[in-house]
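Taken together, the values in this text are just the output of simple stated rules run on the coordinates, not laboratory data. Nothing here was measured: the structure is a model prediction, and the numbers come from that model. We place every Cβ from the backbone using ideal geometry, glycine too, and count neighbours over all the protein chains shown.
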Amino acid sequence: MTTPSDEVRFRSALDDVQAYKPGKPPVRTDGRPTYKLSSNENPYPPLPGVLEAATAAAASMNRYPDNGSVALLEALSARFGVPTEHIAVGTGSVAVLFHLLQAACEAGDEVVYAWRSFEAYPIATKLSGATPVEVPLTADARHDFKAMAAAITDRTRVVLVCTPNNPTGPAVRTNELLEFLDAVPRNVLVVVDEAYREFMRGEDLVDGVEVYRDRPNVAVLRTFSKAYGLAGFRVGFAIGHEPTVAAIRKCALPFGVSHVAQAAAVASLEAEKDLLERVETLVAERTRVVDALRGQGWDVPEAQGNFVWLSLGDDTLAFATAVDAEGVSVRPFPGDGVRVTIGEPEANDAFLAVTASWRR
Ligand code: PMP
């Protein structure tokens with residue numbers, strides 16, 4: 001006779017889920033400088049005005065924050081020229097993504113995205129109950145939109161498009177995305193994840209906020225973590241049409257965005273000019289790093305984020321260990337490649353010293 005198990009049970013969907021693994025900090029015991037290039041963070045400290053706004057907000061930490069994030073929604077609405085009903089905020093854009101997939105999917109549904117891409121996509125998809133449908137990138141590390149369109153079935157609820165693609169770097173062209181959208185059924189939500197948009201340079205690159213305006217099945221994800229340098233405060237947002245935003249808000253955790261984070265985000269929008277100047281410096285560093293790597297003989301795909309991708313295959317872990325030994329932590333994807341964040345010039349130089357002597 002079988003007896004009921006006395007073990008606590010969890011959803012079987014979790015059996016196949018790996019907890020998110022963040023980039024590691026650098027380790028060094030000889031006292032020389034270390035550089036963390038493993039999490040696509042902004043190397044600059046907060047601007048004084050942003051810090052002041054956050055500190056002032058912290059004085060009321062005995063109170064819950066504004067659950068409606070009204071001041072932040074109004075600031076974002078003015079910044080992007082969209083109604084507040086078209087914006088949902090969360091504790092980082094990753095939280096907004098989780099809420100969105102939870103809102104859109106149930107068991108048996110499918111979520112299509114390019115692979116390799118952001119590590120949170122398979123996790124968020126499986127937690128929503130849906131099945132990931134991963135479409136390999138092209139040889140030059142770009143989205144293969146023909147193959148992605150072909151992967152859509154009547155179970156597809158959401159397509160995720162990451163531009164620039166983390167961790168490989170290329171950005172999606174506007175005509176590529178528009179052509180793809182024409183091929184996608186209107187009841188499939190296309191989420192354009194633009195976490196690194198402010199670092200993009202060039203003509204004809206997608207601006208999701210423009211694309212979404214006359215397309216009810218498009219939503220855009222943006223974040224304060226990268227260009228705005230607020231990774232530690234956890235503020236991200238989606239811009240989409242009212243039904244999408246209302247669905248995200250239903251899934252959101254109560255009081256998810258602290259008032260310190262809301263105040264820092266509003267202050268960052270006010271200080272946007274200064275912050276975007278810093279982005280310009282990082283973009284110039286990115287150009288310097290990519291040119292140097294190519295000069296050393298590395299094959300580097302288009303880099304439109306605050307990071308570069310080195311395809312190293314089976315040498316990935318050995319390379320990560322070699323950079324680690326120089327006090328620089330990078331993000332290895334075993335068997336595939338290494339993603340390296342663009343940091344301050346000294347950090348980039350420390351990294352380039354290793355690539356210069358690496359046998360290829
Ligand atoms: N999307 C992409 C493509 C990312 O790389 C990241 C962060 N690594 C995020 C979303 C989430 O960023 P956050 O939660 O800090 O807003």
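A few remarks follow.
- The H on the amide N of Val328, modeled in the peptide plane, is under 5 Å from the matching H of Tyr35, each at least 5 residues off or on a different chain.
- Straight Cα distances below 21 angstrom link Lys126 to the lysines Lys21, Lys250, with same-chain residues fewer than 8 positions distant left out.
- Rounded if a/c under 1.5, otherwise prolate or oblate - the chain, Cα gyration tensor axes: rounded
- Convex hull of Cα atoms in segment 118-174, direction-averaged projection (nm²): 4.1 nm²
- Projecting the alpha carbon convex hull of segment 168-276 along each direction and taking the average yields 8.1 nm².
- This ranking places Met61, Met200 by how few other beta-carbon atoms lie within 10 Å of each, fewest first, which gives Met61, Met200.
- Computed over segment 216-315, the Cα gyration tensor eigenvalues convert (square root of 5λ each) into semi-axes of 33, 19, 13 Å, ordered from largest to smallest.
- In this structure, the amide hydrogen of Cys162, modeled 1.01 Å from its nitrogen in the peptide plane, lies closer than 5 angstrom to those of Ala114, Asp193, counting only residues at least 5 positions away or on a different chain.
- Whole-Å semi-axes of segment 50-136's equivalent ellipsoid (Cα gyration tensor): 32, 15, 13
- Relative contact order (percent, whole number), the chain, Cα cutoff 8 Å, 6+ residue spacing: 24 percent
- Cα shape, segment 86-242, gyration tensor, a/c 1.5 rule: rounded
- Share, in percent, of DSSP beta bridges within segment 155-267 that are antiparallel, nearest 5: 35 percent
- Segment 1-66: C-alpha gyration tensor shape, a/c 1.5 cut-off, then a/b vs b/c: oblate
- Residues Arg294, Arg339, Arg157 in ascending order of nearby Cβ atoms (within 10 Å, fewest first): Arg294, Arg157, Arg339.
- Listed by chain and number, the aspartates and glutamates whose C-alpha is less than 17 Å from the C-alpha of Lys36, apart from same-chain residues fewer than 8 away, are Glu285, Asp324, Glu326, Glu344, Glu346, Asp349.
- Comparing Ala292, Ala57, Ala150 in a Gaussian network model of the chain (Cα springs below 10 Å), the most mobile by mean-square fluctuation is Ala150.
- Taking 7 Å steps out from each Cα toward its Cβ at Arg278 and Ser77 produces label points 2.8 nm apart.
- Cβ crowding within 10 Å, taken as a proxy for footprinting-reagent exposure, orders Asp291, Asp349 from fewest neighbours to most as Asp291, Asp349.
- Ratio of the Cα radius of gyration of segment 283-360 to 2.2 N^0.38 Å, where N counts its residues: 0.97
- Counting DSSP beta bridges with both ends in the chain, the antiparallel % (nearest 5): 45 percent
- Percent of alpha-carbon pairs separated by more than 25 Å within segment 4-154: 57 percent
- Computed from phi, the 3J(HN,Hα) profile of segment 194-211 under the Karplus parametrisation 6.51, -1.76, 1.60 (θ = phi - 60°) reads 10, 4, 10, 4, 5, 8, 6, 9, x, 7, 6, 8, 4, 10, x, 5, 6, 5 Hz, with x in place of Gly and Pro.
- Spherically averaged projected area of the convex hull of Cα atoms, segment 25-97: 7.9 nm².
- With contributions of -39500 (n - 2.57) from each DSSP H run of at least four residues, the per-residue ellipticity at 222 nm computed over the chain stands at -11000 deg cm²/dmol.
- Taking each residue as 0.36 nm, the span from Tyr20 to Thr321 lengthens on full extension beyond its C-alpha to C-alpha distance by 106.2 nm.
- Antiparallel DSSP beta bridges within segment 97-241, as percent of all bridges there, nearest 5: 20 percent
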